[in-house]
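The values are calculated or read from the model by the stated rules, or taken from the named source; none is laboratory data. For clarity, every value in this text was computed on a predicted model and none was experimentally measured. With ideal geometry, Cβ positions are generated from the backbone for all residues, glycine too; neighbour counts draw on all protein chains shown. What goes into the accessible areas is simple: the full protein's heavy atoms, side chains included, and nothing from ligands, DNA or RNA. Shrake-Rupley method; radii C 1.70, N 1.55, O 1.52, S 1.80 Å.
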Amino acid sequence: MIISKKVEKALNEHLSLEIAAQYNYLSVASWCDKEGLEGAAKFFYKQSAEENTHFMKFFAYINEVGGHALVPELKNLKYEFKSITEAVELALGHEQKVTKAIYKILALSKDEGDHATEDFLRFFVDEQKEEEVQFKRILDKLKLIGKGPQSLYYIDKEFEKLSAQATGKKKKDTAAE
Ligand code: FEO
């Protein structure tokens, strides 16, 4: 096995955070759909799909390096949100947790002299920075738009724009691979 037992355990524990992100965003997307926030729904469906790719990257990596990837149990899903702001705050909070967890595994792989895992995690360091910045910007926009009578309309338009940008970025990333 290329990775140590300690790193394997840490990576397996991390799987639950990635799948929780996938399911949380799917749940937010569905709530947005129900509330008529089509742009926000589209954005969160995409986020959810992206989290699935993160989950699968970790999952495949564990097995690739001779470990045993374990499908995590998922608890405490939330289906209702007080507002789109609450949903975005929860998303940002979750991403911050994911970033911390990735930094911890990175530190552990350094201690263990595990350069392969360090290398593997580099993509996620960049990805986490992007996601945290994105959710912080959305929160700033939500504050700026405020709670006026037409605010939900403008908020939804902003999500629509973000969703289109995300599609453009993914196309560029795929072309670069
Ligand atoms: Fe894959 Fe956004 O954590």
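Worth pointing out:
- Cα centroid of the range 1-48 to Cα centroid of the range 134-159, whole Å: 22 Å
- Simple rule: put +1 on each Lys or Arg Cβ and -1 on each Asp or Glu Cβ in the chain, find the dipole, and look at A116, Y103, V7; the Cα lying farthest toward the positive end is Y103.
- Cα centre as origin, Lys/Arg/Asp/Glu Cβ charges: the chain dipole, Debye: 420 debye
- Those residues of the range 11-25 whose amide nitrogen sits under 17 Å from the label point placed on L74, 7 Å along Cα→Cβ: 13-25
- Over the chain: helical MRE at 222 nm, DSSP H runs n ≥ 4 each giving -39500 (n - 2.57), nearest 500: -29000 deg cm²/dmol
- Largest to smallest accessible area among V71, V133, V28 [probe 1.4 Å]: V71, V133, V28
- With all protein chains in place and ligands, DNA and RNA left out, the 1.4 Å accessible area ranks F120, F58 as F120, F58, largest first.
- Heavy atoms of I105: accessible area, 1.4 Å probe, square angstrom to 10: 10 Å²
- Entries of K75/K143; K100/K157; K42/K129; K42/K78 with Cα pairs more than 24 Å apart: K75/K143; K100/K157
- Rounded to the nearest 10 Å², the accessible area of K46 at probe 1.4 Å: 80 Å²
- Spatially proximal aspartates and glutamates relative to K5 (Cα-Cα < 17 Å; intrachain offsets below 8 disregarded): E13, E64, D111, E112, D114, E118
- Annotation: for a label point projected 7 angstrom from Cα along Cα→Cβ of S30, residues of the range 63-78 with backbone N closer than 17 Å are 74-78.
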